[in-house]
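My questions all concern the structure below.
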Amino acid sequence: MVVPLAFKDYWVIERDGICVTRFSPNPVKKWQQLVFGQPHEQMTYAEIHIATLYYHAKEPTSPFDFWRDTLTLQIEADTRQLELPIEISSGRFLPQLMSFLSRQHVQVNDPQHVIEALLLKGNLYETFH
């Protein structure tokens, strides 16, 4: 038996665009989505105007605060705006991702110089804390 609570929303870079899959927070609806198919949201690269990378540093409030910093890729398109989470452990692939988006004629923004920090230091936590 698969526990539906263990599944998170995800997104995938594809040849023609980005595919986003979102699950319902309701466990029964999430189970139905897993069995009968998840709703996918497609966005072609031609629709995307701007992709902006953000690092959100979280200051710990106690020694037992285990919430981690987050990375997000904010996508601005013709008719919608998406905020896509990026796992910190996947950060080493960000330079390639941003370069790929740029080659697809998407304007890429990195106002915090996250890519530069990754290439020079490799450790985002040390850079932003």
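Every number here is computed from the coordinates shown, using simple stated rules; none is lab data. Given the structure is predicted, the values throughout are model-derived calculations rather than measurements. Cβ atoms come from the backbone with ideal geometry, glycine included; neighbour counts cover every protein chain shown.
What longest region of the chain stays clear of chymotrypsin sites (Phe, Trp or Tyr not before Pro) that DSSP places outside H, G, I, E and B and that have at most 11 other Cβ atoms within 10 Å?
My reading of the result: 1-63 is the longest stretch.
Only one of the listed values, [x] 2, 11, 21, 25, 21, 13, 6, 2, 0; [y] 2, 9, 12, 13, 10, 10, 10, 9, 9, 9, 4, 2, 1, 0; [z] 2, 9, 17, 18, 16, 16, 12, 7, 2, 0, was derived from the coordinates as P(r) over Cα pairs in 5 Å bins from 0, in percent; which label is it?
The listed entry that was calculated here is [z].
Hand me the trypsin sites (Lys or Arg not before Pro) from segment 31-108 located in a DSSP loop with no more than 15 other Cβ atoms within 10 Å, in residue order please.
Sites meeting the loop and neighbour criteria: K58, R68, R80.
Let me check against my output: what whole-number percent is the relative contact order of segment 53-129, with C-alpha pairs under 8 Å and at least 6 apart?
Once divided by the residue count of segment 53-129, the mean separation gives 29 percent.
What percent do you get for the relative contact order of the chain when only Cα pairs under 8 Å and 6+ apart count?
Averaging sequence separation for qualifying contacts and normalising by length gives 20 percent for the chain.
Rounded to the nearest 0.05, what FRET efficiency is calculated for R103 and F7 with R0 set to 25 Å and r the Cβ-Cβ distance?
That gives a FRET efficiency of 0.20.
How about K8: which lysines have a C-alpha closer than 18 Å to its C-alpha, ignoring those fewer than 8 places off in the same chain?
Candidates past the 8-residue exclusion: K29, K30.
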